[in-house]
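K.L.:
Take this structure, written in structure tokens, and hold onto it; I'll ask about it next.
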Amino acid sequence: MSNIAQNLIYINQQLPEEVTLVAVSKTKPIVDIQEAYNAGQRIFGENKIQEMVEKYDALPKDIKWHMIGHLQSNKVKYMAHFVDLIHGVDKLSTLKEINKQAKKHNRVIDCLLQVKIAKEDTKFGFSHDEIINTLNSDIINTFENVKIVGFMGMATFTDNQQQLQEEFLSLKKLFTELKVKNTSLKVLSMGMSGDFKLAIKNGSTMVRVGSSIFGHRNYNP
């Protein structure tokens, strides 16, 4: 059994049944993704559209591809025919473009609104007030080819467990409050390799795990 398969088994043993695992395969070769696929993994996350398109073309078609990186509107058209879930929507204009491109393929694309929960300025996302205003805006109802199914949040890159918990809980609270009136909200995507256990304890229903499955990445300079 390969290391990737062993890592997947180990991680899945730690996940409650209701939590979905997204295997973050960005920068990883097709052979590694095929190993994970052979071990039963079917959901993979990429942060660059061109790379995801190449992998989609080369790998089995029952894979569900998640776009987890910061999304540029002008590149939505390249993945609109196959992407299963878009995690990081942080602008109303991006939703509009997703709707436009999905309509061309007669699809409804599931999306997560990215909420800024981290203290770091480098993180993208709507504020809590902006999320509420977006969900209540009239224009949302005109997007027939987009379905907002939940929220995504990226916590601060820190070892401070109390800070991480506060950030996760702030998004869980918002999610709980808003899904009372917005019944389509089902997914709360929080937690990565370093903090997914804490994220799950604080309400996450979807975790994005990469290096703990595939090993550390070698980025090209």
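Derivation of every value follows stated rules applied to the coordinates shown; laboratory data play no part. Given the structure is predicted, the values throughout are model-derived calculations rather than measurements. For neighbour counting, all protein chains shown are included, and Cβ atoms are generated from backbone atoms with ideal geometry for every residue, glycine included.
K.L.:
Determine which member of the set Leu85, Leu92, Leu135 is in contact with a His (Cβ under 6 Å, 6 or more places away or on another chain) and of a type outside the set (Phe, Trp, Tyr).
P.N.:
From the options Leu85, Leu92, Leu135, the qualifying one is Leu85.
K.L.:
Here's something else I'd like to know. Among the residues of region 183-192 satisfying the criterion of being crowded, with 16+ Cβ neighbours inside 10 Å and of a type outside the set (A, V, I, L, M), which is nearest to Phe151 (Cα to Cα)?
P.N.:
Among them, the one singled out is Ser189.
K.L.:
Any chance you could count how many residues in region 193-211 are surrounded by fewer than 19 Cβ atoms within 10 Å (Cβ to Cβ) and small (Gly, Ala, Ser)?
P.N.:
Of the residues in that region, 4 qualify.
K.L.:
From the set of residues in region 108-140 that are buried (at least 16 other Cβ atoms within 10 Å of the Cβ) and among the acidic types (Asp, Glu), which is farthest from the chain's Cα centre (by Cα)?
P.N.:
In this case the residue turns out to be Glu130.
Here is a yes/no grid of residues against (1) surrounded by 15 or more Cβ atoms within 10 Å (Cβ to Cβ); (2) of a type in the set (S, T, N, Q); (3) over 14 Å from the mean Cα position of the chain (by Cα):
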residue	(1), (2), (3)
Val24	yes, no, no
Asp32	yes, no, yes
Met67	yes, no, no
Gln101	yes, yes, yes
Asn106	no, yes, yes
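K.L.:
For residues that are closer than 14 Å to Met192 by Cα and either in contact with a Pro (Cβ under 6 Å, 6 or more places away or on another chain) or not aromatic (Phe, Trp, Tyr) (or both), tally how many sit in region 9-46.
P.N.:
So the answer is 14.
K.L.:
Would you tally the residues in region 174-195 being part of a helix (DSSP H, G or I) and more than 20 Å from Pro16 (Cα to Cα)?
P.N.:
Counting residues in region 174-195 that are part of a helix (DSSP H, G or I) and more than 20 Å from Pro16 (Cα to Cα) gives 3.
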